[in-house]
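Okay, structure first, notes after.
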Amino acid sequence: MGRFNTVYNEIGNLNSSELKSIADRIFELLQQVEDSTEESFQESQIVTCRKCESSQIAKFGKDKNGKQRYRCRSCGCTFTSTSFSAFAHSHCAPDVWKKYIPLLLSRCSLEKCASECGISVRTAFLWRHKILGLLQRDQENRFMSGIVEADDMFFSVSYKGNHTKSKKFVMPREAFKRGTDNAGKLGSKACVMCAVERKGHVYGEVLGIGAANCDMLAYAFGDRLLEDTIVVADKAHSTKKYFDGTNIELVQTAAHTISKDNTSPPEIKGVYHLQNVNNLHRRFRTFMRNYNGVATKYLNNYVNLYIWLENHKKEKNIDFANELYNSIKLSGSYLRVEDIINVPPIPCVA
Ligand SMILES: [Zn+2]
């Protein structure tokens, strides 16, 4: 700091033309720093192998686009700054992805994303799911404790996207006639488990079809809840059965349904209620209205995005687009086109 103070104090003794040339020099230096930030940020991440995390790496020529390649002396793999990131194998520069992300977050149509970024609609679709699929990791290692409200919500199953070009796919049910009422048939709907920690974090994931059974609950909560957790849930049998077999305390409260004339408000047992998770459900349904009915095979990706937004919205001055860009750039892995196309029509975790 000594040198800084000297310069700072000495500047006060300069005349106006000297000050002006100092100011010009400062702007010039700032511009250089800004111009180099993008590249140096990418390159500065390369301190370990992007595959095995060994620090025994060495420069290994350039790839066909002139990008620096590295080789790991431990595992032998070669990589660039975008290997094992969402942009791996992308023909587009990271800048195009950077342009795409705000459009994704604004929930723009694939057509609009495609035309604004100069990519095809199919690429816009694949990028959407490459990015949203990776957001699943944001929920891993997010433990919950204290009072946690847990409740499932249901979405009609859509086999959209499975029919064309697939020789194997056979529609597993009769097509619904337009206008028929499928409400109330939980056994044939996709179950999205949600949990809200009173301390702030939320969780959400597609578990399968029908109400959550013990296996699904074990998948969702087995490693997620710390020992001091008190789970508040509705009076489902399987919930009681599952939590009886754990050392997590369970408080069951009546289901959250409010009758149409609003005469029976949700049951509230002091602090043990499901209002926060029900509000989350309501906000998620509103969020999903922007997408005109998504295929069940991709429903979890939209859950990922929504939960990611919820978990980051309390951070002060957060720039969501930048945050998302950096997180997929440093994702450590990527989804291949096959990983996206070949998702089973009905996801089932257990
Ligand atoms: Zn390695």
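Read-outs throughout are calculated quantities, based only on the coordinates presented, and are distinct from any laboratory measurement. Treat the numbers as computed from the prediction; the structure is a model and nothing was measured. Positions of Cβ are backbone-derived with ideal geometry, glycine not excepted, and every protein chain shown enters the neighbour counts.
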Counting other beta carbons within 10 Å of each residue's own, what order do PHE4, PHE60, PHE79 fall into, fewest first? PHE4, PHE60, PHE79
What is the calculated FRET efficiency for VAL294 to VAL349, with r their C-beta to C-beta distance and R₀ = 22 Å, to the nearest 0.05? 0.75
Using 22 Å as the Cα-Cα cut-off, could you pick out the over-long pairs in LYS130/LYS329; LYS51/LYS297; LYS199/LYS314; LYS62/LYS130? LYS51/LYS297; LYS62/LYS130
List the residues whose amide H sits under 5 Å from the amide H of ASP152, counting only those 5 or more places along or on another chain, with H placed 1.01 Å from N in the peptide plane. CYS194
Quick one: what are the phi-derived ³J(HN,Hα) couplings along the range 290-301, Karplus 6.51/-1.76/1.60 with θ = phi - 60°, whole Hz, x for glycine and proline? 5, 9, 6, x, 9, 5, 4, 5, 10, 4, 4, 5
Give the long-range amide H neighbours of MET144: residues separated by 5 or more places, or on another chain, with amide H under 5 Å away, using H modelled in the peptide plane at 1.01 Å from N. LEU225, LEU226
Here the gain from full extension of HIS89 to LYS64, 0.36 nm per residue of separation minus their alpha-carbon distance, amounts to 7.8 nm
Which value in nm describes the separation of the simple spin-label points at ARG107 and GLU249, placed 7 Å from the Cα toward the beta carbon? 3.8 nm
Calculated FRET efficiency, ARG3 and LEU226, Cβ-Cβ r, R0 51 Å, to nearest 0.05? 0.55
Please list the non-local residues whose amide H lies under 5 Å from the amide H of VAL251, H modeled 1.01 Å from N, same-chain partners needing a gap of 5 or more. VAL231, VAL232, ALA233
For a test of the definition: using alpha carbon positions, the gyration tensor, and the 1.5 limit on a/c, classify the range 307-350 as rounded, prolate or oblate. oblate
State the extension gain, in nm to one decimal, for the chain segment bounded by GLN275 and THR78, taking 0.36 nm per residue of separation less the distance between their alpha-carbons. 65.8 nm
